[in-house]
Structures are given as C-alpha cells and as structure tokens.
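Everything below concerns the one structure shown next.
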Amino acid sequence: MHPSTVVYLEHDGKVFLVDEAGDGPQHPTKGNTERNKPLRFPTAEELQRLNISYTEKGRLCVRHNDGSFDVIKAYPAIAWPDEWAWKDACVSDNNVHPVARDAIYKSIHRLVSKVMICNNEGQVLMAKVERGHFHGFWTLPGGYMDHDEHPATGCVRETLEELGLDIVLTDAEPVITQRIFNDEGISFVSFTYKSSWDGSLDELTLLEEEISEAAWFEPKIAHEQAVSHFDREALRTLL
C-alpha cells in the first residue's frame, strides 16, 4: 500500500525515488510499460533513516481513485545528487507510482501570455469569455502559450485568434506574475504585455465560441471587474 504522505525531493531536475522497502536512490526506465519493480517517493521516516535532511517548500494533494495523498515538496540539503533519477525519466515508466508521476507533472509551470491594449484615451480593451475558467467574465486578451512559443508571440497570436486584431507590442517590459491557486499545487506563470490600438470595436472579428463581446474600460473599472489574479496584477500598473 502506498504511504498517505510522501516527500518529493527535487534538486535541479533530479528526484529521489525508493523501492517498496524504502531503499534508494532508485532509477526509472524511460518508456517502460511493465510493472515489476514499484518505485515511489520516500516517507519522512525513510529519509531520516537514510540521513537525508531537507527544507520543506510546500505541499500538494494528489487524488486518485483509491484516495488522496499528501506530497511534501522539499529541497534536499545536499550537493547536486548525480546518482538520483532525472525527473523527466519518471513520467514514462509504469513502475513509478502515479502519485510521483502526477506530482512531477504538476511541478511544471503552466504558462499564460496576455496583453493590455490601450487606446489614445487610456482605456483598456477587454473581452467577455465564453468558456474555460472565466466563463461569463471580462478578461484581458490572451491565453495558454503553445509549446516552444515565446510569450511575446503568444499574446499576439491569441489576440488575432480571439478578436481578429493584429497588434504590435510596445517595448515595455511585461508584468510577470506567478501563483498557485489550489491544493493541487499547479503553478501558473503569466506574462502580460502592453500594446496600443485606437480603432473601433466594429473592426473586431470575435471568435464566437470563445468571446461573446469586447469593450473599452477605464483602467479603474477594468481592475475592479477583473476576476483573474493575473489581470488584476497587470491592470494595477495602469492605475
């Protein structure tokens, strides 16, 4: 039976795995589809037995059909552990317990790219979302970045897709914000850029399955109605 609480030790891409007896470090095999040597994260007691100390950084909850598991995210008080496993190898080995694989997957940042588009009157362009986390609310244009996409490219692409508007970003540095929103421990990082456009709303071509309408707002009003933490933090710079 898998322990109810385990410790996820990570040091520069290396993680510490143990076998069912709590001995480690163990190594996964990329692409392995068999389940003949169960591997998992260690418990605090097992790490104490192995004389490995650590600093706790946070906790997350991993839920599976057979229950919920607490994972302590921690940094080991040792030099770079050359003999530990690469975290990328853990995801594709069926021997690695789903709790460990899920926790490693959740440790990867989710990247979002957005943009504050302002007109000559200082108003901000916002869109009302038709799906996803913020369905029915006003948000800044933008969304998840594609793989291998620069954030400055992502928000331009998203604005063209959502509003039919081809923007040019200013040379201002983006507002970068990071936050974990729930006990699953997934970290989101947002890059919010600035752009100028003084056109009419009639010129926009809305992606109807995503955006129901677009409107200009004074920065104070935009900030007050924004439900996204990242939007509020970016809009705060205009107040």
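Readers should treat all values here as calculations from the given coordinates under stated rules, not as data from a laboratory. Computed from a predicted structure; not experimentally measured. Cβ: placed from backbone, ideal geometry, glycine included. Neighbour counts: every protein chain shown.
Filter the stretch 95-104 down to residues that are over 22 Å from Ile180 (Cα atoms) and in contact with a helix residue (DSSP H, G or I) (Cβ under 9 Å, 6 or more places away or on another chain), then give me how many there are.
Narrowing the stretch 95-104 to residues over 22 Å from Ile180 (Cα atoms): 95-97.
In the following step, the residues that additionally are in contact with a helix residue (DSSP H, G or I) (Cβ under 9 Å, 6 or more places away or on another chain) were identified as 96.
Matching residues across the stretch 95-104 total 1.
Restricting attention to the stretch 105-137, which residues are farther than 24 Å from Ile176 by Cβ, under 23 Å from the mean Cα position of the chain (by Cα) and not small (Gly, Ala, Ser)? Correct list: Lys128, Glu130, Arg131, His135. When Val129, Val99, Val124, Val115 are checked against the criterion of being under 30 Å from Ile221 (Cβ atoms) and in contact with a His (Cβ under 7 Å, 6 or more places away or on another chain), Val129 stands alone in meeting it. Residues that are among the hydroxyl-bearing types (Ser, Thr, Tyr) and surrounded by fewer than 15 Cβ atoms within 10 Å (Cβ to Cβ) within the stretch 213-238 comprise just one, Thr237.
As a summary of the residue check, Arg157 satisfies the conditions (1) farther than 30 Å from Leu17 by Cα; (2) touching a residue at least 24 places away in the same chain (Cβ under 8 Å); (3) out of contact with any Gly (no Cβ under 8 Å at 6 or more places or on another chain) except for the one numbered (2). Filtering the stretch 10-23 to residues that are in a strand (DSSP E or B) and closer than 13 Å to Cys90 by Cα leaves Glu10, Lys14, Val15, Val18.
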